[in-house]
Amino acid sequence: MVRAARWLVTGAALAAVAANAQAEPEGTNRWTVNLGYYHNDSSPAVAPDGTIYVGTFNQKLFAIRSNGVVQWTFRTGSEIKSSPAIGTDRTIYFGCRDRNFYAVTPAGKLKWSFTTGGWVDTSPGIANDGTILFGSWDQKFYALDADGNKKWEFATDGPLVSSPAIGTNGTIYFGSHDKKFYALDAAGKMKWSFATRGPILSSPAIGADGTIYFTSVDGHCYALRPDGTELWRLRTGSITESSPVLDRDGVIYLGTNDKQLALTPQGKVKWEMFTGFPGDSTAAVAEDGMIYLVSRFGLLHAVRPDGSRKWDFWIDRPATASPTIGADGTVYIPGNHLYFYAVRGKAGPLRGAWPMFRANLRHTGVVNSE
């Protein structure tokens, strides 16, 4: 009963924050937090109570309230490139370059850690049964239970930096430096693999019809059917870590070396926008159709579905992290020189299959099936 009351109060507070925020013009900087370091790749995850979690290269995980107040920081032994994911019990999961994978309580205390044989740069997936999934530079893909015990591991022939995507039937998808894209069942058994001609750095996206999209360093974007057969491939020439996202109509938005591409569901270029070299950040799509993306010029762009820009927001330095759209439309983005920004948008995230990096606000990596 106490817990329920707490969530009701939090919900009321969030409603008040959202009401005040709506009075601000789009593209307004609502608040800024100094993260204390100049290089940040972690994309922020947002809990149901509005708390924002983001990792930094200065060995800290930040918990930031929706009003921009830092609630706490959690220190690790090395840089955090991994983007955090939030469990249903509000536990925060993330990997670190100290070779550990961490579970941290909502109060900022260590719950448990799991040691691997290499950097953990991948962002975790959280399956519907609570299994935590991630890969490591030690060439292994891990499944842990909620207490940090290993359920199984799957070995590949290369380091893993591609974060997993989880389909509606529980199939787990990810790529490897060994130039293969894998599909595993929930027990860690390989269903199929698909060979490309280059390492796979980016994280896959899953469409409403089950189609899987990913890129390879061989310079192609691939679309695979759920059985692993190729639907199409498009030559982009890109070797970046930018991951695909999709809008309501199945249009795919993808960052390449120096451009943002909009692709039709059939794999044809709809439009392109020059963003500068290299385009590692992943776009985010709002419910009103607006696409938010960052460029190497140090700008957050609000782009209409036809490719025209509505507004630009200046970030302190070029950014490589991916933006996240909060429930009230606020766009959260870490810059590459100290600061974390909350920028006023108009609408919350798209209620679609895969509208942002890691699919949803909690960054679970599970396709949205509603």
Determine, yes or no, whether residue 148 is in contact (Cβ under 8 Å) with a residue 40 or more places away in the chain, more than 25 Å from residue 77 (Cα to Cα) and either surrounded by fewer than 18 Cβ atoms within 10 Å (Cβ to Cβ) or more than 21 Å from the chain's Cα centre (by Cα) (or both).
no
If you go through the range 107-130 one residue at a time, how many are under 18 Å from residue 45 (Cα atoms) and crowded, with 19+ Cβ neighbours inside 10 Å?
7
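If you take the residues in the range 249-264 that are part of a loop (DSSP other than H, G, I, E, B) and β-branched (Val, Ile, Thr), which one is farthest from the chain's Cα centre (by Cα)? Step through it out loud before you land on a result.
Just the residues of the range 249-264 that are part of a loop (DSSP other than H, G, I, E, B), to begin with: 249-251, 256-258, 264.
Now drop any that are not β-branched (Val, Ile, Thr), which leaves 251, 256, 264.
Details: 251: 18, 256: 17, 264: 22 Å.
Per the stated criteria, the residue is 264.
Answer yes if at least one residue in the range 29-37 is surrounded by 24 or more Cβ atoms within 10 Å (Cβ to Cβ), modelled with pLDDT of 95 or more and either assigned to a loop (DSSP other than H, G, I, E, B) or of a type in the set (Lys, Arg) (or both), and no otherwise. Step through it out loud before you land on a result.
The initial filter retains those residues of the range 29-37 that are surrounded by 24 or more Cβ atoms within 10 Å (Cβ to Cβ), namely 35.
Going one step further and asking which of them are modelled with pLDDT of 95 or more, we end up with none.
No, because not a single residue in the range 29-37 is surrounded by 24 or more Cβ atoms within 10 Å (Cβ to Cβ), modelled with pLDDT of 95 or more and either assigned to a loop (DSSP other than H, G, I, E, B) or of a type in the set (Lys, Arg) (or both).
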With the requirement that a residue be closer than 17 Å to residue 233 by Cβ and surrounded by 22 or more Cβ atoms within 10 Å (Cβ to Cβ), what does the range 163-182 give you?
173, 175, 181
Could you say which residue among 282, 264, 275 is surrounded by fewer than 21 Cβ atoms within 10 Å (Cβ to Cβ) and of a type in the set (Val, Ile, Thr)?
264
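From 324, 264, 330, 320, grab the single residue that is more than 20 Å from residue 34 (Cα to Cα) and either among the polar types (S, T, N, Q) or modelled with pLDDT under 95 (or both).
On the way: 324 fails: more than 20 Å from residue 34 (Cα to Cα); 330 fails: more than 20 Å from residue 34 (Cα to Cα); 320 fails: more than 20 Å from residue 34 (Cα to Cα).
Every option except 264 fails the conditions.
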Close pairs (8 angstrom Cβ cut-off, 6 or more residues apart or separate chains): within 14 Å of residue 29 (Cβ to Cβ) and among the polar types (S, T, N, Q) in the range 327-353, surrounded by fewer than 23 Cβ atoms within 10 Å (Cβ to Cβ) and modelled with pLDDT under 95 anywhere:
330/21
By residue number, the members of the range 98-152 that are farther than 25 Å from residue 60 by Cβ, assigned to a strand (DSSP E or B) and not hydrophobic (A, V, I, L, M, F, W, C) are 140, 150, 151
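The values are calculated or read from the model by the stated rules, or taken from the named source; none is laboratory data. Remember, it's a predicted structure, so these values are computed and weren't measured experimentally. Please note: Cβ atoms are built from the backbone with ideal geometry, for glycine as well, and neighbour counts cover all protein chains shown.
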